[in-house]
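Since the structure comes first, as structure tokens, the remarks are kept for the end.
The values are calculated or read from the model by the stated rules, or taken from the named source; none is laboratory data. Computed from a predicted structure; not experimentally measured. Quick reminder, even Gly has a Cβ in these numbers, built from the backbone with ideal geometry, and neighbours come from all protein chains shown. Only protein heavy atoms, including side chains, enter the accessible area calculation; ligands, DNA and RNA are left aside. Shrake-Rupley method; radii C 1.70, N 1.55, O 1.52, S 1.80 Å.
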Amino acid sequence: MIVINARFLTQEMRGVQRFAEQICLQLKTLRDDLVFVAPNDICLHESAERLQVRRIGRHRGHLWEQVDLPLWLARNGSPPLVSLCNTAPLIYGNQIATHHDITYIRHPESYSRTFAAMYRTLTPLLLGRVKALVTGSEFSRSEISAHYGYPANNISIVPSAVDERFRPFCVDTSTRTTAPYLLAVSSPSTHKNFARMVAAFLRIEGHDEVELRIIGDSNRVFACTLHDVDGSRRILNLGRLPDEELVEAYQGAAAFVFPSLYEGFGIPPLEAQACGCPVIAARAASIPEVLGDSALYFDPLKVADITLAMERILSDEALRLDLRRRGKDNVARYCWHSSARQLSRLIDKVFIGERETNETGTASVSLSQPKH
């Protein structure tokens, strides 16, 4: 029995939760030895049903993860555990954990002091106990290894991908009557760099009809710009949208803007590319690794450079067509099923040999090689 920590099913859907959900759904098709466990306050009910999740314990949140989950594991023979978000039970050593990035170190201004201090304190304790670590990019592996002194060869890269619901619009978009728009999708964290993006958009010349549409939680950094900055009503905060409306927003955009200063991976630009939307993006952190030559890059610290990229993508139809083609090729490099297979091989490598040793007295699987 391999236990999967499915606490993510109780949380709002963001990049970390999307990774955990999609990997779990694919793992379920690959293996018959998995047991998914979660607290009782599940909000992603459809996925929980597909995963046949067991609801255990009586607490919620971190208390469930640090108390109820390890107690349940101990009562059930201390089986292998896989945790797919940035947290995991600290006292449990027989596990593979996931750590997507160290944004709380590089950009602590994006978090409360309590949150950042908690992660800085607890992460080294977790790394000191787990048998292996998963992250999403070579960039994050290097960052985690360098900052914490954790062996890079003990960190496996399992990249994110795009759900099949994200696909190009199948009707001629030239018949649309809505205003052209640039699109940005993100959480409101400071390191997402939306303040510079908004400032850059307000400097665009020659495209007075173009809107900037922002999808995500309300953000004090740009909330004041929605109606009254420079007399403009061209910046629209759409809030959080269901996936169906998010897909439509990607499909209809002239281009997608990704100005983030720090990403461990970054799913939104891949979603945009899967929907046939050209991407302009920050030349920062893991973003060039994930997007390769499929995006038009800018310096995220220079407002003028962001403005120039916006003006260029809006003015150059040939560039947009080229980036759509490159984006389609780039998205094809990523697949949730392939990523789940990578994690499944890691599970075999880390746990199966040990389990067979315990059961038979002889190790039939080498821990130095994945089992196929």
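Kindly provide the set of residues from segment 308-321 that are in a helix (DSSP H, G or I) and over 26 Å from the mean Cα position of the chain (by Cα), ordered by number. Show your work before the answer.
Of segment 308-321, the ones in a helix (DSSP H, G or I) are 308-315, 317-321.
Those that are in a helix (DSSP H, G or I) and over 26 Å from the mean Cα position of the chain (by Cα): 308, 311, 312, 314, 315, 317, 318, 319, 321.
Among residues belonging to segment 273-287 that are farther than 22 Å from residue 164 by Cβ and either touching a strand residue (DSSP E or B) at 6+ places or on another chain (Cβ under 7 Å) or without any contact (Cβ under 8 Å) to a residue 12 or more places away in the chain (or both), point out the one that is most open to solvent (accessible area, probe 1.4 Å). Full working, then the answer.
Of all residues in segment 273-287, those farther than 22 Å from residue 164 by Cβ come to 280-287.
Applying the additional criterion that residues be either touching a strand residue (DSSP E or B) at 6+ places or on another chain (Cβ under 7 Å) or without any contact (Cβ under 8 Å) to a residue 12 or more places away in the chain (or both) yields 280-283, 287.
Values: 280: 0, 281: 0, 282: 0, 283: 142, 287: 4 Å².
Going through the qualifying residues, I end up with 283.
For residue 301, are the conditions met, namely being modelled with pLDDT of 95 or more and assigned to a helix (DSSP H, G or I)? Walk me through how you get there before you give the answer.
Working: modelled with pLDDT of 95 or more: yes; assigned to a helix (DSSP H, G or I): no.
No: the conditions fail for residue 301.
Considering each residue of segment 5-25, count those that are closer than 23 Å to residue 93 by Cβ and among the aromatic types (Phe, Trp, Tyr), and give that number.
The number of residues fulfilling the criteria is 1.
Looking at segment 292-314 only, could you name the residues that are touching a helix residue (DSSP H, G or I) at 6+ places or on another chain (Cβ under 6 Å), touching a residue at least 60 places away in the same chain (Cβ under 8 Å) and not hydrophobic (A, V, I, L, M, F, W, C)?
307
Having 2 or more residues that are basic (Lys, Arg) and more than 20 Å from residue 18 (Cβ to Cβ) is the bar; report the helices (runs of 4 or more DSSP H) wholly within segment 36-142 that clear it.
On the way: elements: 45-51, 69-75, 103-106, 113-127.
Counting at least 2 such residues, we get 113-127.
Can you find even one residue in segment 304-316 that is among the hydroxyl-bearing types (Ser, Thr, Tyr) and surrounded by fewer than 18 Cβ atoms within 10 Å (Cβ to Cβ)? Step through it out loud before you land on a result.
So in segment 304-316, the residues among the hydroxyl-bearing types (Ser, Thr, Tyr) come out as 307, 315.
Next cut, surrounded by fewer than 18 Cβ atoms within 10 Å (Cβ to Cβ) only: 315.
Yes, segment 304-316 has at least one match.
Got a sec? Which of 257, 247, 290 is part of a strand (DSSP E or B) and open to solvent by less than 20 Å² (accessible area, probe 1.4 Å)?
Details: 247 fails: part of a strand (DSSP E or B); 290 fails: part of a strand (DSSP E or B).
The conditions single out 257.
Among the residues of segment 169-190, count how many are modelled with pLDDT under 90, part of a loop (DSSP other than H, G, I, E, B) and open to solvent by 50 Å² or more (accessible area, probe 1.4 Å).
7
Quick one: in segment 68-87, which of the residues that are free of Cβ contacts under 8 Å to residues at least 40 places away in the same chain and either in contact with a His (Cβ under 6 Å, 6 or more places away or on another chain) or charged (D, E, K, R) (or both) is nearest to residue 160 (Cα to Cα)?
So, considering only residues that are free of Cβ contacts under 8 Å to residues at least 40 places away in the same chain and either in contact with a His (Cβ under 6 Å, 6 or more places away or on another chain) or charged (D, E, K, R) (or both), the one nearest to residue 160 (Cα to Cα) is 68.
Would you mind telling me which numbered condition in (1) surrounded by fewer than 22 Cβ atoms within 10 Å (Cβ to Cβ); (2) without any contact (Cβ under 8 Å) to a residue 60 or more places away in the chain; (3) touching a helix residue (DSSP H, G or I) at 6+ places or on another chain (Cβ under 7 Å); (4) under 22 Å from residue 128 (Cβ atoms) residue 97 fails?
(1)
Which members of segment 130-159 meet the condition of being open to solvent by 50 Å² or more (accessible area, probe 1.4 Å), out of contact with any Pro (no Cβ under 9 Å at 6 or more places or on another chain) and among the charged types (D, E, K, R)?
138, 141
Take residue 90 and decide whether it is surrounded by 14 or more Cβ atoms within 10 Å (Cβ to Cβ), more than 18 Å from residue 262 (Cα to Cα), touching a residue at least 60 places away in the same chain (Cβ under 8 Å) and not aromatic (Phe, Trp, Tyr). Let's see the steps before the verdict.
Working: surrounded by 14 or more Cβ atoms within 10 Å (Cβ to Cβ): yes; more than 18 Å from residue 262 (Cα to Cα): yes; touching a residue at least 60 places away in the same chain (Cβ under 8 Å): no; not aromatic (Phe, Trp, Tyr): yes.
When the stated conditions are applied, residue 90 does not pass them.
List the residue pairs whose Cβ atoms are under 6 Å apart, where the first residue sits in segment 247-272 and is under 12 Å from residue 286 (Cα atoms), the second is acidic (Asp, Glu) and open to solvent by 10 Å² or more (accessible area, probe 1.4 Å), and the two are 6 or more positions apart or on different chains.
264/101
Which members of segment 8-43 meet the condition of being open to solvent by less than 70 Å² (accessible area, probe 1.4 Å), farther than 19 Å from residue 338 by Cα and touching a Ser or Thr at 6+ places or on another chain (Cβ under 8 Å)? Reasoning before the result, please.
In the first step, residues of segment 8-43 are kept if they are open to solvent by less than 70 Å² (accessible area, probe 1.4 Å); the result is 8-11, 13, 15-28, 30-31, 33-39, 41-43.
Pick out the ones that are also farther than 19 Å from residue 338 by Cα and you get 8-11, 13, 35-39, 41-43.
Scanning segment 8-43 gives 9, 38, 39, 41, 42, 43.
The conditions are (1) open to solvent by 30 Å² or more (accessible area, probe 1.4 Å); (2) under 27 Å from residue 265 (Cα atoms), and residue 76 fails exactly one of them. Which is it?
Here residue 76 clears every test but (2).
Consider segment 41-99. How many of its residues are of a type in the set (S, T, N, Q) and within 18 Å of residue 9 (Cα to Cα)?
As a first pass, look at segment 41-99 and keep what is of a type in the set (S, T, N, Q): 47, 52, 66, 76, 78, 83, 86-87, 94-95, 98.
Still in the list and also within 18 Å of residue 9 (Cα to Cα): 47, 52, 66, 83, 86-87, 98.
Of the residues in segment 41-99, 7 are of a type in the set (S, T, N, Q) and within 18 Å of residue 9 (Cα to Cα).
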